[in-house]
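> Input: one structure, supplied below.
Every number in this text was worked out from the coordinates using simple rules, so none of it is lab data. Being a predicted model, the structure only gives us computed values, none of them experimental. Cβ: placed from backbone, ideal geometry, glycine included. Neighbour counts: every protein chain shown.
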Amino acid sequence: MTTPCTRQEALEHLKEHVHTDSLMKHSLAVEASMRHFARYYGEDEEYWGMVGLLHDIDYGEFPEEHLDHAPEMLRGYGFDEAFIRHVLSHGYNLRNQVEPIHPMEKVLYTVDELSGFITACALVRPSKSVLDLEVKSVKKKFKQDSFAAAVNRGVIQDGADRMGMPLEEVMAETILGLREAADALDLGMHSAQ
């Protein structure tokens, strides 16, 4: 599995289309989660990370038509149809019918929503950090429908089921992935300041 550009070039491509800090941080969070799971499964970390980084490339400009424009954008940067399919799979039953089949697609489908949810959990902590966030806190917030109400918990659970992994374990691994990028996500320790 190869990509037509380096991570830095992919980041520049993303910046051409993503103009908000929140969407950029979300893209970086999903990239971090994907890289972590690639290592967990013994897969290509660079490739999985690139899929995570670029998964929302068209969202900033076309939120109502999300993933309708991504294939054209990605083709324009030289990405092949397999890469495009991986990106499209995170919209399964939400924006399209591209079912997550490859292990990478199952992870992307799951951590797209879960990374955002875990970020929200970290931001309400006194430390505003993912570094001291525990699974039990995430599980507690997961049961509160009013917390981060826009997060589709059904997708997260379906994704964990597709991965063949208990939800609690998926949460734990995703937290570990986000910790690796805590500084880039502005989720490092803040309380000591």
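> So how much slack lies between His69 and Lys139, counting 0.36 nm per residue of separation and subtracting their Cα-Cα distance, in nm?
21.7 nm
> So, one more: Just to be sure I understand the model, the point goes 7 Å from the Cα along the line to the Cβ. What's the resulting His19 to Leu123 distance in nm?
Those two pseudo-labels are separated by 2.1 nm.
> Going 7 Å from the Cα of Phe62 in the Cα-to-Cβ direction, what parts of the range 87-123 have a backbone nitrogen less than 13 Å from that spot?
88, 96, by backbone N distance to the label point.
> Right, something else. Using just the helices of the chain, give the 222 nm mean residue ellipticity in deg cm²/dmol: DSSP H runs with n ≥ 4 each add -39,500 (n - 2.57), and the total is spread over all residues, rounded to 500.
It lands at -18000 deg cm²/dmol.
> Helix 167-180 versus the longest principal axis of the chain: what is the Cα-based angle in degrees, 0 to 90, to the nearest 10?
Approximately 80 degrees, to the nearest 10.
> Tell me, what is the Rg over Rh of the range 7-180, with Rh the Kirkwood radius over Cα pairs?
Rounded to two decimals, Rg/Rh equals 0.94.
> A further question on this structure: Work out from phi, with θ = phi - 60° and the Karplus expression 6.51 cos²θ - 1.76 cosθ + 1.60, the ³J(HN,Hα) of each residue of the range 71-80, listed in order in whole Hz, and give x for Gly and Pro.
x, 4, 4, 5, 4, x, 9, x, 6, 7
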